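Asker: Handing you a structure now.
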Amino acid sequence: MGIVQWRERTAKIEVTAATSEQDWASLEQKVAQCQRCTLCHSRTQTVFGTGSHRAKLMIIGEAPGAQEDQQGKPFVGRAGQLLTQMLKSIGFTREDVYIANILKCRPPMNRDPAPEEVAECTPYLQQQIALLQPQLLLAVGRIAAHYLLGVTLPLSQLRGQRLSYGPLNTPLLVTYHPAYLLRNPKDKAKVYQDLLSVKRELYS
Ligand code: URA
């Protein structure tokens, strides 16, 4: 390739990257102003998502809790600290991955998301997935797994399978939620096995 073509190609890549950053910013702005369901009345702020916009791995949880609602970031409470440790166990930091939730607003008293809230909110998650185009999705917990897959099977049956999600058939794995692990630490070994599968999927 000649120097002129190389410069043109590099410029094109930079423009594409800038466009995608604008798309992320405008989506985040849209979410921050969202009033599509009643959770907008009780939230402190929306919790959009954090991490690298170039991540190969996207982790999807259920909904913000009290600390996430206060800080505007996903998984920052006790469960979030455990998620950070889980990632570390396979050599990842939170900055290596992208983390988001099914719902962008905290359900009062940490109740399960209502189906109508999920219906209003999932278009945002779908747009995040479309922008990121991750190589792999990891659903943490029953709620995320059920809504992404449209099934109600027990988590124990969904773990250990290479599933897929959405129009791009993005590979999807399922594991236990870190909040569940805080209550059932004996299952940490199973989650470690799931995380090894994540690593295999990303690097084989
Ligand atoms: N649990 C979740 O599913 N998501 C968070 O952001 C925090 C706790």
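Asker: Per residue and in cubic angstrom, what volume does the convex hull of the Cα atoms of segment 72-119 have?
Answerer: Per-residue hull volume (Cα only) is 94 Å³.
Asker: Tell me, in nm to one decimal, what length is gained between residue 38 and residue 112 on full extension, where the rule is 0.36 nm per residue of separation less the Cα-Cα distance?
Answerer: This chain segment gains 25.2 nm when fully extended.
Asker: How high is the relative contact order of the chain, in percent, counting Cα pairs under 8 Å that sit 6 or more residues apart?
Answerer: Contact order relative to length: 22 percent.
Asker: What is the order of 34, 105, fewest Cβ neighbours within 10 Å to most?
Answerer: In increasing order of surrounding Cβ atoms, one gets 34, 105.
Asker: Read phi for every residue in segment 68-82 and hand back ³J(HN,Hα) as whole Hz from Karplus 6.51 cos²θ - 1.76 cosθ + 1.60, θ = phi - 60°, with x for Gly and Pro.
Answerer: 5, 4, 6, 8, x, 10, x, 6, 10, x, 4, 4, x, 5, 5
Asker: Something else: Assigning unit charges at the beta carbon (Lys, Arg +1; Asp, Glu -1) and nothing else, what dipole magnitude in debye, to the nearest 20, does segment 107-204 show about its Cα centre?
Answerer: With only Lys, Arg, Asp and Glu charged at Cβ, the dipole is about 540 debye.
Asker: Then there is this: How charged is the neighbourhood of residue 204? Take every other residue with its Cβ under 14 Å from the Cβ of residue 204, and add Lys/Arg as +1 and Asp/Glu as -1.
Answerer: Spelling it out: positives minus negatives among the neighbours equals +3.
Asker: Using amide H atoms built in the peptide plane, which far-off residues or other-chain residues are under 5 Å from residue 101 H to H?
Answerer: When sequence neighbours closer than 5 places are left aside, the close amide H contacts are 61.
Asker: So what is log10(I(q)/I(0)) for the chain at q = 0.07, 0.17, 0.18 1/Å, when the Debye sum runs over its Cα atoms only?
Answerer: Here the Debye-derived log intensity ratios amount to -0.22, -1.17, -1.31.
Asker: Straight-line reach from residue 104: which lysines fall under 26 Å, measuring Cα to Cα and dropping same-chain residues less than 8 apart?
Answerer: Straight-line reach from residue 104, under 26 Å: 30, 56, 73, 88.
Asker: Right, something else. How big is the gap, in Å, between the Cα center of segment 26-55 and the Cα center of segment 158-204?
Answerer: Using only Cα atoms, the two centres lie 25 Å from each other.
Asker: What is the gain in length, in nm to one decimal, between residue 20 and residue 53 on full extension, counting 0.36 nm per residue of separation less the C-alpha to C-alpha distance?
Answerer: Full extension from residue 20 to residue 53 adds 11.0 nm.
Asker: Please report, in whole Å³, the volume per residue of the convex hull around the C-alpha atoms of segment 96-140.
Answerer: That works out to 91 Å³ per residue.
None of the figures in this text is laboratory data; all of them are computed from the coordinates on show. Only a predicted model underlies this, so the values are computations on that prediction, with no experimental measurement involved. Please note: Cβ atoms are built from the backbone with ideal geometry, for glycine as well, and neighbour counts cover all protein chains shown.
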